[in-house]
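Values quoted throughout were computed directly from the atomic coordinates according to the rules given, and no laboratory measurement underlies them. On a predicted model such as this, the values are computed, not experimentally measured, just so you know. With ideal geometry, Cβ positions are generated from the backbone for all residues, glycine too; neighbour counts draw on all protein chains shown.
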Amino acid sequence: MIKKVDHIGIAVSSIEEALPFYTEVLKLELLGIEVVENQKVKVAFIKAGETKLELLEPVSEESEIAKFIASRGQGIHHVALGVESIEERIRDMKKNGIKMIDEKSRIGAGGANIAFMHPKSTGSVLYELCEKKEGNNHE
């Protein structure tokens, strides 16, 4: 059902300011930066072994990431779990009593299909289901 931890989302006020820690100090590889308009965020994917780190910078005050930083500060935002057949996984979660933020998958960074579980159902951790398409440039 779950293939792996795909990435860990980290909310930051500025990718430009945060990036040197990851690329220069930790010596991790930057895979790419993109803006995800429908989520009002700029994201940077960084390779950390088999898992990626996803830096999330708000590009609007209405962004969920802007609200997260305002209330909790910068830091870990979510854990993304790599899955196949995301719509089936969403149905499985709901059958098991997990409240979903996203009742159907939507397009996220890198063109992946994503859906978030509500942290009230998961021990206060925001989990994302993430189904990558073939040829995704952030693999």
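A compact table of results
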item	result
Hydrodynamic radius by Kirkwood, which averages 1/r over all alpha carbon pairs of the chain, in angstrom	15.3 Å
Cβ-based exposure ranking for D6, D92, D102, in which fewest neighbours within 10 Å come first	D92, D102, D6
Mean separation of Cα contacts under 8 Å, 6 or more apart, over the residue count of the range 2-131: relative contact order %	26 percent
Within the chain, percent of DSSP bridges classed antiparallel, to nearest 5	75 percent
Of the GluC sites (Glu not before Pro) in the range 30-97, those whose Cβ has at most 10 other Cβ within 10 Å and which sit in DSSP loop	E50, E61, E62
Cross-link pairs beyond the 29 Å C-alpha cut-off, checked among K27/K120; K52/K120; K47/K95; K27/K94; K67/K99	K27/K120; K47/K95; K27/K94
Percentage of interatomic Cα-Cα distances in the range 16-79 larger than 15 Å	53 percent
Degrees, to the nearest 10: 86-95 long Cα axis against longest axis of the chain	60 degrees
Trypsin sites (Lys or Arg not before Pro) lying in DSSP loop within the range 34-139, provided at most 13 other Cβ fall within 10 Å	K99, K104, K133
